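Input: a single structure, listed below in structure tokens.
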């Protein structure tokens, strides 16, 4: 089994999209554990709307590449497009922050909203190499 730390974000119809993505993720990863949500200021020049963020942790038999493909397919199914991204609209964003206790997106991991949300994941569900 592999362990994952997932960052979830949206800046468009945030409550609807966060609720919908949780339902989809539960279909693939029934034991997934979600944090509460938090709002954050947008990162990057194209983004103007505030983001709603959440973290999730889960285990899967799938390796990193397969799991990432599943997540990108969910984004696509929910309507995320590269054209929207150019205009600062993010229907849903699913990024693997850590895989098997190794941080794979250190810039995202250091963001303040990620650090704040990490406090809401019980330690027995998350072990990370710093």
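Does the stretch 76-88 include one or more residues that are in a strand (DSSP E or B) and closer than 19 Å to residue 16 by Cβ? For the stretch 76-88, residues in a strand (DSSP E or B) and closer than 19 Å to residue 16 by Cβ: absent.
Across the stretch 26-49, the qualifying residues are those that are in contact with a helix residue (DSSP H, G or I) (Cβ under 7 Å, 6 or more places away or on another chain) and closer than 23 Å to residue 119 by Cβ, and the one among them that is modelled with the lowest pLDDT is 40.
Restricting the stretch 50-92 to residues that are without any contact (Cβ under 8 Å) to a residue 40 or more places away in the chain and in contact with a helix residue (DSSP H, G or I) (Cβ under 9 Å, 6 or more places away or on another chain), the residue that is surrounded by the most Cβ atoms within 10 Å (Cβ to Cβ) is 80.
Can you find a residue that is modelled with pLDDT under 95, in contact with a helix residue (DSSP H, G or I) (Cβ under 8 Å, 6 or more places away or on another chain), closer than 24 Å to residue 12 by Cβ and not in a loop (DSSP other than H, G, I, E, B) anywhere in the stretch 101-108? The answer is yes, given that some residue of the stretch 101-108 is modelled with pLDDT under 95, in contact with a helix residue (DSSP H, G or I) (Cβ under 8 Å, 6 or more places away or on another chain), closer than 24 Å to residue 12 by Cβ and not in a loop (DSSP other than H, G, I, E, B).
Within the stretch 1-27, being without any contact (Cβ under 8 Å) to a residue 40 or more places away in the chain, under 14 Å from the mean Cα position of the chain (by Cα) and farther than 19 Å from residue 51 by Cα holds for 23, 26.
Does residue 53 qualify as being in a helix (DSSP H, G or I) and modelled with pLDDT of 95 or more? Judged against the criteria, residue 53 is not a match.
The values are calculated or read from the model by the stated rules, or taken from the named source; none is laboratory data. These numbers were taken from a predicted model, which means no experiment stands behind them. Here the Cβ is made from the backbone with ideal geometry for all residues, glycine too, and neighbour counts use every protein chain on show.
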